């Protein structure tokens, strides 16, 4: 099975020289190799023996549940330690508003890109679907009911948990993020008296990342089971019936990642293709499990390993999982306009722009879980009222396959966001990032790297400690 490679340096401190490149590891110890084999085996089993493949769903679900078990605690400790490690609350607030500005800018570009592509290629023309004769399955109806029950402002009311314990128990990323920010701010307000709490939270984070490392050994098995179920249940022939729409979605997402995100990274003198290679383990896990949540903690540690300070990665990555869902935005635009075209529902430019405006709100909070995009799509069509909601059955059969592309694009977008915000803050160690992306350092840390800064003792608690020796106040 694959073995993780520890790092012996502080990945969050700018100017820290990277360690010499390690000896090349045998292929059979690399995680991405085993995950890729699991995906290929899953496709083979699902295609050859659909019944058997469908029965393997518990393997994928169990792995995703095991990851989700530690996601919210890891988000909590990462955000809290990130805020506790900044010099002042003003610094944390500055990172927050810069992140939100970037998130809104990129998601708007993603939505507009989907709008342009659908108006140029128009894959729904000629379908002439009769909404009255479309049979809505029980599962799809459940998604539609959830979507119709939501409003455009639901993410605001969903932001505040009615119970802290409930937010953790339900695995609600957005609510846990909200509570973690409040908790971190409270630590800064209390001052030196809260040093023990901050240190305890930081040490708990080390234990949680160790738990995650153990769980990740099951990633190849989880990818195998999830892919076998997907192919066994829906069949490869599902892709052929709506192949044009699927191809447009994957092509648009690829264009967004390589061209749009590539241009954004080029502006800070980094290479998107090298970043994709660096993130290959996470991308293959997402491809197999169809959920970007399955790699959220690993994305945080990999960004820190690239030279992004914890105080930035700890806020931008979890926040991006609610507010920077580029892949979901592309999917929502394509799916909504496909339904309109396929049902011969004319939409003026003004109506299409109003659809984009609603999507800017409804897309928030869909944290990359399979099926969430479908719920948001139903909520959006219910809100705008121009397109028949029942028409989403036209894309229901391929939603699972499109969910994988959504999740992959979301992971890429949030990885780039963390680097951009760190550069905007002037704390990104670009030299280290270039050397890591060039393969000159170990691939991934197994424990959270140390904080990037030490707050002034008179204004706030001391910086969080390392695993061996506390930082003096």
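Structural remarks
- Residue 41-residue 349 FRET efficiency (beta carbon distance; Förster radius 51 Å; 0.05 resolution): 0.60
- Here residue 218 and residue 121 are evaluated by their C-beta separation; at R0 = 45 Å the FRET efficiency comes out at 0.65.
- Placing dummy labels 7 Å off each Cα toward the beta-carbon, the span from residue 271 to residue 193 is 5.4 nm.
- Cα coordinate range in the range 67-123, projected on the principal axes (Å, largest first): 50, 32, 7
- FRET efficiency for residue 90 and residue 438, using Cβ-Cβ distance with R0 set to 51 Å, rounded to 0.05: 0.90
- Whether the range 28-437 is rounded, prolate or oblate, judged on the alpha carbon gyration tensor where a/c under 1.5 counts as rounded: prolate
- Gain on full stretching of the segment that runs from residue 255 to residue 68 - 0.36 nm per residue minus C-alpha separation: 64.3 nm
- Percent of alpha-carbon pairs separated by more than 11 Å within the range 254-304: 71
Quick note: the coordinates plus some simple rules give every number you see, no bench work behind them. Everything numeric in this text was worked out from a predicted model, so none of it was measured. Every residue, glycine among them, receives a Cβ derived from its backbone with ideal geometry; neighbour counts consider all protein chains shown.
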